[in-house]
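Single-structure report; data block below.
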Amino acid sequence: MPDFTRLRLDWEPRMLSISRIMIGLLFMEHGTAKVLDFPHQETHKAFDLLTLNPGAQGLIELIGGFLFALGLFTRPVAFLLAGDVAVAYSWRMRQRASFRCSMARAGGRLLLRLSLFLACGGGEWSLDRLLAGEPAIHRMPYAEDAFRR
């Protein structure tokens, strides 16, 4: 019988890194759509740095998504991006003024919670870990090892 606890503990930091990279790429996609108009959207506004959307928000998503995907300054960037999503989500809810379920709203809530979760760390494959000099695989003591002592 395979030891699922050991497998989970070995792969948990790696899956956290994969989640961080995918979320970073999603933020970069939104940022490039606002700043560089790629991919093109029908509702695209011309980029103006002195506006909130697409100016400041586009730069936050583009630069923050890039840093997040690399795993550099993961905790402060995750906190900043979670705030960005929270403001955008509450702004959208205020405009619609309804509480109907939709996939776009569920995606925003999920992205907010995942960003807050990743504010706790970037996982095994991150530049933060590399620059801190931590080992590539940071294993926690297993439960059976703790009981043997």
So, residue 124, is that one outside any helix (DSSP H, G or I), at pLDDT 75 or above and over 19 Å from residue 82 (Cβ atoms) or not? yes
Quick test for you: out of 139, 75, pick the one residue that is surrounded by fewer than 16 Cβ atoms within 10 Å (Cβ to Cβ), modelled with pLDDT of 85 or more and closer than 23 Å to residue 9 by Cβ. 75
Given the conditions (1) closer than 17 Å to residue 65 by Cα; (2) surrounded by 13 or more Cβ atoms within 10 Å (Cβ to Cβ), and given that residue 9 satisfies all but one, which numbered condition is not satisfied? (1)
Residue ID - nearest to residue 115 (Cα to Cα), chosen from residues in region 20-61 that are among the hydroxyl-bearing types (Ser, Thr, Tyr) and at pLDDT below 80: 51
Sole exception among (1) free of Cβ contacts under 8 Å to residues at least 60 places away in the same chain; (2) closer than 20 Å to residue 68 by Cα for residue 40, by number: (2)
Please find, within region 22-56, the residue that is surrounded by the most Cβ atoms within 10 Å (Cβ to Cβ) out of those that are closer than 25 Å to residue 110 by Cβ and acidic (Asp, Glu). 29
Return the residue satisfying two criteria in turn: it lies in region 1-32 and is assigned to a helix (DSSP H, G or I) and free of Cβ contacts under 8 Å to residues at least 12 places away in the same chain, and of such residues it is nearest to residue 48 (Cα to Cα). 22
Condition met for residue 64 (modelled with pLDDT of 75 or more and touching a Lys or Arg at 6+ places or on another chain (Cβ under 7 Å)): no
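The values are calculated or read from the model by the stated rules, or taken from the named source; none is laboratory data. From a predicted model like this one, the values you see are computed outputs, not experimental measurements. Neighbour counts are summed over all protein chains in view; Cβ atoms, including those assigned to glycine, are modelled from backbone coordinates with ideal geometry.
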